[in-house]
Structures are given as structure tokens and as C-alpha cells.
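As C-alpha cells, the structure follows; a few thoughts come after it.
The values are calculated or read from the model by the stated rules, or taken from the named source; none is laboratory data. Every value quoted in this text rests on a predicted model; they were computed, and no experiment measured them. With ideal geometry, Cβ positions are generated from the backbone for all residues, glycine too; neighbour counts draw on all protein chains shown.
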Amino acid sequence: MAENVERDIEVHWREEDYYEPPESFVKQANLNDPHIYEKMSLDNFPDCFTGYADLLDWFKPWDTVLDTSNPPFWRWFVGGRLNASYNCVDRHLPQHANKVAYYFVAEREEDPIVAVSYQELYARVNEFAALLRDYAGVKKGDRVTIHMPMVVELPVAMLACARLGAIHSVVFGGFSGQACADRIVDSESSVLVTIDGYYRNGKWLNHKEKADIAVKQAESQGQKVNHVLIFQRDPGHYGGSDLVEGRDVLVQELESKYRGARVEPESMPAEDPLFLMYTSGSTGKPKGIQHGTGGYLSYAAATTKYVLDVKPEDVYWCMADIGWITGHSYIVYGPLALGATSVLYEGGPTYPDAGRAWRIAERLNVNIFHTSPTAIRSLRQHGDDVPGRYNYHFKLMATVGEPIEPDVWRWYYNVVGKREAAVVDTWWQTETGGHLCSTVPALKAMKPGSAGPGLPGIHPVILDEEGNEVTPGSGEGGSICIRNPWPGIMQTIWKDPERFVRTYYGKYNKNPQSKDWRDWPYMAGDGAMQSQDGYIRILGRIDDVINVAGHRMGTKELESAVLQVPEVAEAAVVAAHDDIKGSIPEIYVSLHPGVEADDALNQKIVDAIVHDIGPIARPRKVWIVPDLPKTRSGKIMRRILASISDNREIGDVTTLSNPEVVETIHKLVRP
Ligand code: 6R9
């Protein structure tokens, strides 16, 4: 088992206390049927999920709930037809045209908050869909790459693609031009949607220059980008790099042409792809996780309703970025499918000070709040008295993205939530479309540090190396798998179905010929422990993926960036402990013979990472060492390096081919 899991198992497994959800919450909750777990047991699988699809409007009802004839390519709601943009926008108009879909809160506090109604969203989505179709030539099935920060134009662009039946691939705004290029190439997008720039931590960032790099790099890899469509952050003002004639166009300049345009939503088969979202795996190449329309949207809507307890009268704020799966499911598709009112915030959580989030919550009467352990840890650093100064009241708070330490959980509950809110710790992944393990807030007590049991209809199991079930309550860890398919599960990896089967189903499927879904447990790639009560505690990744501030990155992606520096011979990336971000990369490199280490080289290595991936991957430290510790078969022992970075016991090194180097590295890092 991977090093981080072993490390956590060593730490004594301590049962935490339970916290009951507030009675006021339970009374009003969307899901308070105590029989829901039986109703969604495996005996009722897969029909138990039809209630999720019933949350949507279908142009044509499905004939088959789940087609399992070609494992593990599960097909949900087959025969049904729908459109995601219609479900997120049009269908709300008869009753709720003037309801606020998004409150856009700019980072600059003096800027007015912009309320975008469902009617206004409808107009903008239609106009941009018309522009995509008639100006950029986007058709059903085409891929469109969208590289944008947190502005309303981002969901507008996504929904415009969905309206046409085009497949969007949103690239996190903080990613570099190079990272954007890789995604353009893999998805074969000939249209890039971007913005001139945006505000972050008080600074104007020129974002359009990343598009220039992305297009150039993509073209050098054989993918031509015909159109770069550029929104403007501040209407009437352009703050980006020079426009390239014939390729770049300002959306605003075309607007008058498309004003009032209407585009019929395409009637899409339930199983047609809705989007791609690239995520890190254990190789250097990010994988394009493909999600379908009917299953994904049903699952995003249902979990928003039942886990986040979003109701028509609530004001809901998820502080994640739409460029990650959390934003796709829980800022865009889930809340909009339910006709909810959400906050969309441009800036950083503590800008200009640690009271900012609570001022927004007070001002807009936010009553559901959703964030990550990293944000909570950084807010906690600013002291216990800040949230109390503001008059807001949350009924529910969610956390996602990384394990939350029980201490941090309690701070979230006591200080941020003022002991008034139910807390859900939601464990899931880009691949899973929506939540898998969490408490149903009105039905299960909360337990700090544990995500909770599988949600209704989700049946997790923890397996050991041989595929045997680890007994709940045994204190043993293992690899968390889900026994059954569910509607939000990814369809495949874009253009790489073999990698899909191998990565998620290869290890625990004993019979590749089997047509029985029971033989195909989904392997998440996380280590976990289950206690007697069925609650699951996630320990961290068991593959070569590291989680920095809730952002997934592959150690191999970072290493291959470093290896581009000509002086570097070998590189190993480890996830070192960090009090705020959970973990942070440290890089160990050895150099080619004759090369001298100096500060400039150090900087070159850091720059290579920021260039290839973005500032989120910036390492805390680059250690230039004479050699990397290796096994006799030549494998780099990252575990040993991680122990040195974290100042932990190194353990046995006698099986290494070069044990002496461990001592040298240790002296260098911890003199
Ligand atoms: C939604 C999202 C997925 C990985 C996942 C796990 C970690 C997510 C967690 C959590 C502990 C939680 N993770 N939620 N670990 N507790 N509540 O984050 O998707 O970016 O694909 O990352 O994040 O390691 O495997 P994604």
C-alpha cells in the first residue's frame, strides 16, 4: 500500500464523537425519510435511481434505466432524450423567470453585486449559443475548450455548448497556457473561449496572453484553433494582449449581431457526452474524464437537493472554482437544474481580509455554504473572533476536496457555523460526477474526520491488495471501491477506453468476460478505513496523485515538467505536509555530471513547473541532491524522500541499491 496510507494507519485510529444535526435543520430537510437507505439498497438496484432522473424534464422518457451489456461502460436512462441547458434554464422560466440564478460578486469590494435572473441567463445563453454556432461554426459533438476564471460568462459558455450539444472542456483559469494547450490538443478543440483578464488578490491578471501560448503550442502539436472568442471582464474596456487578426474576436463586438437570438436546445440522447474534465492520474498525461448528459445531470441535481439540501428559497454559495468538478456539479449543473439561487464569487477567500466571506454571506443572506478544508484552515489562521462579527446564519455547510482534520472540522462547526448548521463532509471525485460518501444531513449524525457512510444507493467496500473485503471496525485500511454503478459515474476516458478500464476496474475485476456489474467494483484510488458504524474515513491517494489545497495533480506531471530542464538528470516529487494546504510539493532532483547547482538553476526548475502547470503546483522547495534513493530494480523511493521532508522516521533502507545517499540527503534537508 502507498506511503501516505501506511503513514495514517500508523497514527492511532481514534473514534470521534458524534454530533447530531440541529433539530431546526432536520424538520425542514429535503430528505428525511428514514427508510431511504432500504429503498435504495442493492435489492432495488438500479430502479431506485429513477427518482433522480425524475427531477429533470425529458423530451423523451428513457426505456431502460441501466444498460450493463458492455461492462464497465454503463449506460444510464437509455432511450431518453433531454438537453442540459433546457433543464438548467428554460424550464424555470414559466414560474421563476425573475428569480436570481447567480449573484455575481466581484473581487473588488466597491463594485456593485450583479444579480442575474433566470430570464437574463436564458437570453445570454441563447445569444452565445447563436454566436458559437453561426460565427464559430460549432456543431453538435464538437469540443469547445473554455479557459476562464470565476465570472458569469463561464456558466453561460458551458450552457451555450450544452444547448448546441457541443462538448465543453473547461480548463481551470489558474492553469498555464501550456496546460490549456495540452487539453486543446487531446480534446481536438478548434474553438477556445477565454477572457481578457480578471482580478485576483487585488491584481489585474492578463489572461488572454495564456490563450496566445495555448494556441501556439496546440498548433505546434498539430491542433489548429480557428477561433479565440474573448469575453471582457469590464465591458467597454479591453485589458488583454494584442488581438490576432482573423483568429481572435471580442465577444462584445459581435453582441449586437446576436442580440435577441434564440437557439432551439438540441434533443440529446441521455448517453451523449455533456463535457470533458481533465484530471491527473498516475501518468504524466492528464485524462479527459467524460461525463454523459442524463445520468450526470440527474445525479448532480439529486445530490444538490438531498446532500446540500438546496431549496428554492435558499441562497447557496459554493466557494470552489467552476474549473474543477466541484464547480461543474455544485455551482453550475446541480443548482441550476433545481432553479436555485447561488453566489458566484470572483476572488480569493481572504481578500482583502478574513472577513470578506462573512460580509458576502451577511449581505446576501447566504444560508448554505460550501468550501474546502484548505480554505477553512486559512480562515482559521485569522482567528476565532472574525465570523462572530458578522450577522449570517447557515443551515448547512459542506466541505470537499481533501480530508478534513477533526480539529479543523470542529472549528468549522463551532466558529463558522456557530453550532447552528449541519455539516456534510462530501467525498467524491471528478470521475464520480457527484458525492459518494457523506452523511445525509437530516438522517445521520456527523462525525468529525469521517466523510460518513455511502449515500443512499452507493455501496462502498474497502478491499485489500488481494481483493478481500476489509472488515469494518478492524482498524485496517484498504482501497475504497464502489460495488455498484450509479448515474453520475464517468462514461470513459476521452479517446482512451483501455486506460479507463485498466485504471478504475483493472485491479479488482477477476473476470473480464463477466457481464455482471457485481464483478466490476469501481476503484477510486483512495485509501480508506471503515468503522463499525459504516462511516468512512478517507486517508488519501494510493496512486501517484498528490492533493495540494484540494487540487489534484500527478507527481509524474510535475516530474516531467522538471525533466525538461536540461541540467536535470532525475526528479522525484513528494507531497510534504503543510498546515494550510494539507500538502505541498517538494522536488528532489539530481543533475547531470559536471553541472553545478545554484539559485538560478533552482529558479529554472520552479519556472518550468509554473509554466507547464500553473502557480498552484509551485513547489515549496527544490532539493538538489547527488542521487535519488532507488531500489535494486531502479525504482525511485519517493516514500523515503517524503519522510525526510516531513521529518518522520525513515525506516528500513537496507533494500536500497544506494542506502548511503539517504544519509547525505537527510543532512542536506535537516542539517
Ligand atoms: C471532488 C473532488 C478527488 C480526490 C479524491 C480524494 C480527495 C475529495 C474528499 C477527499 C477526503 C473528502 N477528496 N473529497 N478526501 N475527504 N471529503 O475533489 O474531485 O479533484 O477529482 O479529487 O480528492 O483523494 O480521490 P477531484
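Table: residues versus (1) surrounded by fewer than 24 Cβ atoms within 10 Å (Cβ to Cβ); (2) hydroxyl-bearing (S, T, Y).
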site	(1), (2)
I146	no, no
L159	no, no
A162	no, no
C180	no, no
S220	yes, yes
K224	yes, no
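Scanning segment 200-213 for residues that are modelled with pLDDT of 95 or more and not basic (K, R) returns W204, L205, N206, H207, E209, A211, D212, I213. Would a scan of segment 584-607 turn up a residue that is within 16 Å of the ligand (Cβ to nearest atom) and among the hydrophobic types (A, V, I, L, M, F, W, C)? Yes, because at least one residue in segment 584-607 is within 16 Å of the ligand (Cβ to nearest atom) and among the hydrophobic types (A, V, I, L, M, F, W, C). Among residues of segment 381-406 being within 15 Å of the ligand (Cβ to nearest atom) and of a type outside the set (A, V, I, L, M, F, W, C), the one that is surrounded by the most Cβ atoms within 10 Å (Cβ to Cβ) is T399. Inside segment 362-386, residues that are more than 27 Å from C437 (Cβ to Cβ) and in contact (Cβ under 8 Å) with a residue 12 or more places away in the chain make up a count of 9.
The residues listed here are A29, A53, A136, A101; of these, the one that is outside the structural domain of Y345 (by the TED database) and not acidic (D, E) is A29. Exactly one of (1) assigned to a helix (DSSP H, G or I); (2) touching a Phe, Trp or Tyr at 6+ places or on another chain (Cβ under 6 Å); (3) within 16 Å of the ligand (Cβ to nearest atom) is unmet by F369. Its number? Unmet for F369, out of (1) assigned to a helix (DSSP H, G or I); (2) touching a Phe, Trp or Tyr at 6+ places or on another chain (Cβ under 6 Å); (3) within 16 Å of the ligand (Cβ to nearest atom): (1). E127: within 22 Å of P349 (Cα to Cα) and surrounded by fewer than 24 Cβ atoms within 10 Å (Cβ to Cβ), yes or no? When the stated conditions are applied, E127 does not pass them. Once segment 75-120 is narrowed to residues that are in contact (Cβ under 8 Å) with a residue 60 or more places away in the chain, in a loop (DSSP other than H, G, I, E, B) and among the aliphatic types (A, V, I, L, M), the residue that is nearest to A301 (Cα to Cα) is V89.
Of all residues in segment 22-58, those that are touching a Phe, Trp or Tyr at 6+ places or on another chain (Cβ under 8 Å) and exposed (fewer than 15 other Cβ atoms within 10 Å of the Cβ) total 1. Listed by position, the strands (runs of 3 or more DSSP E) inside segment 228-294 whose residues that are farther than 30 Å from S329 by Cβ and hydrophobic (A, V, I, L, M, F, W, C) number at least 2 are 248-250.
Do we find a residue being within 23 Å of E405 (Cβ to Cβ) and away from the ligand (no atom under 13 Å from the Cβ) anywhere in segment 326-349? Yes - at least one qualifying residue is present in segment 326-349. Across segment 614-635, the number of residues qualifying as under 20 Å from R670 (Cβ atoms) and either in a strand (DSSP E or B) or in contact with a Ser or Thr (Cβ under 8 Å, 6 or more places away or on another chain) (or both) comes to 8. Of note, R638 satisfies the criterion of being in contact with a Phe, Trp or Tyr (Cβ under 9 Å, 6 or more places away or on another chain) and either within 24 Å of K285 (Cβ to Cβ) or not β-branched (V, I, T) (or both).
So, in segment 422-437, of the ones that are farther than 17 Å from V332 by Cβ and outside any strand (DSSP E or B), which residue ends up nearest to the ligand (Cβ to nearest atom)? Looking at the filtered set, the residue picked out is Q429. Where helices (runs of 4 or more DSSP H) fall entirely within segment 1-45, those with at least 2 residues that are within 27 Å of D526 (Cα to Cα) and at pLDDT below 95 are at 3-10. Could you go through segment 439-451 and let me know if any residue there is assigned to a strand (DSSP E or B), within 15 Å of the ligand (Cβ to nearest atom) and of a type outside the set (A, V, I, L, M). No: segment 439-451 contains no residue that is assigned to a strand (DSSP E or B), within 15 Å of the ligand (Cβ to nearest atom) and of a type outside the set (A, V, I, L, M).
Taking segment 617-637 as the range and being crowded, with 18+ Cβ neighbours inside 10 Å and either of a type in the set (F, W, Y) or more than 26 Å from G594 (Cβ to Cβ) (or both) as the test, the residues that pass are A617, W623.
Of all residues in segment 419-434, those that are within 19 Å of P497 (Cα to Cα) have Cβ atoms under 6 Å from Cβ atoms of residues that are assigned to a loop (DSSP other than H, G, I, E, B) and of a type in the set (A, V, I, L, M, F, W, C), 6 or more apart or on another chain, in E431/M490. Scanning segment 110-125 for residues that are of a type outside the set (K, R) and within 27 Å of the chain's Cα centre (by Cα) yields I113, V114, A115, V116, S117, Y118, L121, Y122, V125.
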